[in-house]
Amino acid sequence: MEDKLTRFKSILSDLVDLGHSMALLGWDQQTYMPPGGAEDRGNIQSTLSRLSHEKFTSEEMGSLIEDLVPYAGTLDPDSIDACLVKAVKKQYDKQTRVPAEWVVENAKATTLAHHVWEQARAEKNFDKFCPHLEHMIQLRREYADFFAPYDHVYDPLLDNFERGMKTAEVQAIFNDLRPQQVELIRSISEQPQVDDSFLHQPFPEKDQWAFGVDVITCFGYDWDHGRQDKAVHPFCTNFGIGDVRITTRVDPNWVNPALFGTMHENGHALYEMGVDRSLARLPLATGASMAVHESQSRMYENLIGRSLPFWKFYYPRLQEVFPSQLGNVSLETFYKGINKVHPSFIRVEADEATYNLHIMLRLELEIAMMEGSLEAGDLPEAWNSRMQDYLGVTPPDDALGVLQDVHWSSGLMGYFPTYALGNLVSVQLWERMQADMPDMEEQIERGEFASILGWLREKVHRHGAKYEPQDLIQRVTGSTINPQPYVRYLKSKFGAIYEL
Ligand SMILES: [Zn+2]
């Protein structure tokens, strides 16, 4: 049996290498590839996808899994080998239902759709992207049907990003959360607004870049195993535990996108960098799920990066870099400014109190398109009317509305809810961490972040994807995903800022 396990792991390592090759091509596509390279890149990606799919769904893999499942049942269920066999079997059962022709067509369609989306977004022209979106939805319906019968047509998509989670569970969590966030936003809107005008002025690009680098170096980002480049839509990717890259975008007239975006992607990167080396070149060497991943990025961006203790330490440094912009702005004014609650068009720039509503809107539209109750052509209108209902604003054009996110052009239907779930998980973990380290805030005020990273490494990062997300969250916090800690956090933080 040891021989079979060795062979099994060797095939998996080849597959992980193929996956990392595709990730490297994807990184290049979003950073340095010339626009005319889209079609050629699509061909390469589709070949690698096909090879990977064929190798993973081979007869040899099937018979190895068949032999190894009973063996894994005799092992400690928390051992790497037991978790690996269990996770790979689930993935194998999923992938063997998807024909190779679908994988090839999907890879080509996705590369093209992404390229057209970039043009359509620049031209604020939804009609140009619409046929590609229709094709993406059609392909996802076909995909869901490979998994029939299902409780909901969206379940097979959601499971790809949040293992084991059902559409109905997410809807129940959101239905609990939505009225509480709407109520909070309503009370805030009745209070005097805080000033954040000082954030919108010229901030030289190279100084913004350098400040972000300084902050994440303090957080523990390891430049021997990472780098940062520019991208339209920032992301984190990796080609192993030893090469974890982030991207950011800089607005020369607004300090927030680069500042908080860099902290955010750093949170994702620290997770991937912190996976235990014993999982290297195995499919478990990644985050437990998108929501758990997002909990790490939101923790660094918001729970640390938008907190008062953090800026007690870092604000004098920021003032030193930008004396003419911030020299006369007090710490309290700055802190309130970066936490201004203001319903806006763009999800990635949304504040903590309104962010989840952007997600709920997207989830509802995705589900409607998948169910067939909403046509792609009617999407801009549906988007704009929901923006008005939830946030009280209507985007002036499609670039600020329905075309703003990369996800639909990349076929990532099922991904959006994980952002909001990640917010909830971040505070669940934070409360636990605070109970374990009562002087955490004092450490942050002194600019010390090593114990926080140490706690996250020990409780979350090192396990990689060994445990399913709800299992991991339960092990660390004593509860599965629960919206109440997040609501408590929002009420306490914004209650103080807006004197509710
Ligand atoms: Zn993220």
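Listing for the model above:
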{"read-out": "Label point distance in nm, residue 183-residue 480, each placed 7 Å from Cα along Cα→Cβ", "value": "2.5 nm"}
{"read-out": "Part-to-part distance (alpha-carbon centres) for the range 235-269 and the range 1-25, which is given in Å", "value": "28 Å"}
{"read-out": "For the chain, with +1 on Lys and Arg beta carbons and -1 on Asp and Glu, the positive-most of 369, 481, 95 along the dipole", "value": "481"}
{"read-out": "Residue-wise HN-Hα coupling along the range 70-75, computed from phi with Karplus coefficients 6.51, -1.76, 1.60 (Hz; x: Gly, Pro)", "value": "x, 4, 4, x, 8, 8"}
{"read-out": "On Cα atoms only, tilt of 80-95 relative to the major axis of the chain in degrees", "value": "80 degrees"}
{"read-out": "Computed label-point distance, nm, for sites residue 388 and residue 1 using a 7 Å Cα→Cβ extension", "value": "6.4 nm"}
{"read-out": "In Hz, Karplus ³J(HN,Hα) per residue of the range 315-323 (6.51, -1.76, 1.60; θ = phi - 60°; x = Gly, Pro)", "value": "5, x, 5, 5, 5, 5, 6, 10, x"}
{"read-out": "Convex hull of the chain built on C-alpha atoms - directionally averaged projected area, nm²", "value": "22.5 nm²"}
{"read-out": "The chain, relative contact order in percent, only Cα pairs under 8 angstrom and at least six apart counted", "value": "20 percent"}
{"read-out": "Using a Förster distance of 60 Å, the FRET efficiency for residue 201-residue 58 (Cβ separation, nearest 0.05)", "value": "0.55"}
{"read-out": "Rg over Rh, two decimals, the range 280-323 (C-alpha only, Kirkwood Rh)", "value": "1.26"}
{"read-out": "Ordering of 205-211, 407-413, 85-91 by packing [mean C-beta count within 10 Å, highest first]", "value": "407-413, 85-91, 205-211"}
{"read-out": "Residue-averaged 222 nm ellipticity for the chain, from DSSP H runs of 4+ at -39500 (n - 2.57), nearest 500", "value": "-20000 deg cm²/dmol"}
{"read-out": "Estimated FRET transfer efficiency (residue 134, residue 277; beta-carbon r; R0 30 Å; 0.05)", "value": "0.10"}
{"read-out": "5 angstrom amide H check on residue 248, placed H, neighbours 5+ away", "value": "229, 230, 231"}
{"read-out": "Electrostatic dipole magnitude of the range 228-285 [Cβ: Lys, Arg +1; Asp, Glu -1; Cα centre; debye, to 20]", "value": "80 debye"}
{"read-out": "At q = 0.09, 0.11, 0.21 Å⁻¹, base-10 log of I(q)/I(0) for the range 1-112 (Debye sum, equal scatterers on each alpha carbon)", "value": "-0.30, -0.44, -1.08"}
{"read-out": "Most positive-pole-ward Cα, 181, 168, 136, against dipole of the range 120-250 from beta carbon charges", "value": "136"}
{"read-out": "Table column - 3J(HN,Hα) (Hz), the range 134-146, Karplus curve with 6.51, -1.76, 1.60, x for Gly and Pro", "value": "4, 5, 4, 5, 4, 4, 6, 5, 4, 4, 4, 5, 5"}
{"read-out": "Exposure proxy order (Cβ contacts within 10 Å, fewest to most) of 158, 84", "value": "84, 158"}
{"read-out": "Full-extension gain in nm, residue 32 to residue 373, via 0.36 nm per residue minus C-alpha separation", "value": "118.9 nm"}
{"read-out": "Rounded Å value of the spacing that divides the Cα centres of the range 341-416 and the range 275-340", "value": "25 Å"}
{"read-out": "Cβ-Cβ FRET estimate between residue 193 and residue 251, R0 fixed at 22 Å, reported to 0.05", "value": "0.55"}
{"read-out": "Size of electric dipole in the chain: Cβ of Lys, Arg +1 and of Asp, Glu -1, about Cα centre, debye, nearest 20", "value": "480 debye"}
{"read-out": "Inter-label distance for residue 439 and residue 91, nm, one decimal - labels placed 7 Å from Cα along Cα-to-Cβ", "value": "4.2 nm"}
{"read-out": "Only Lys, Arg (+1) and Asp, Glu (-1) charged, at Cβ; the range 124-212 dipole about Cα centre in debye", "value": "200 debye"}
{"read-out": "Whole-angstrom gap from the range 138-184 to the range 64-86, using each part's C-alpha centre", "value": "29 Å"}
{"read-out": "Rounded to 10°, Cα long-axis angle of helix 256-273 versus longest principal axis of the chain", "value": "40 degrees"}
{"read-out": "Most to least packed among 145-151, 426-432, 65-71 [average Cβ atoms within 10 Å]", "value": "426-432, 65-71, 145-151"}
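Every read-out reported here was derived from the displayed coordinates using simple, explicitly stated rules and does not represent laboratory data. Keep in mind it's a predicted model, so treat the numbers as computed, not measured. We place every Cβ from the backbone using ideal geometry, glycine too, and count neighbours over all the protein chains shown.
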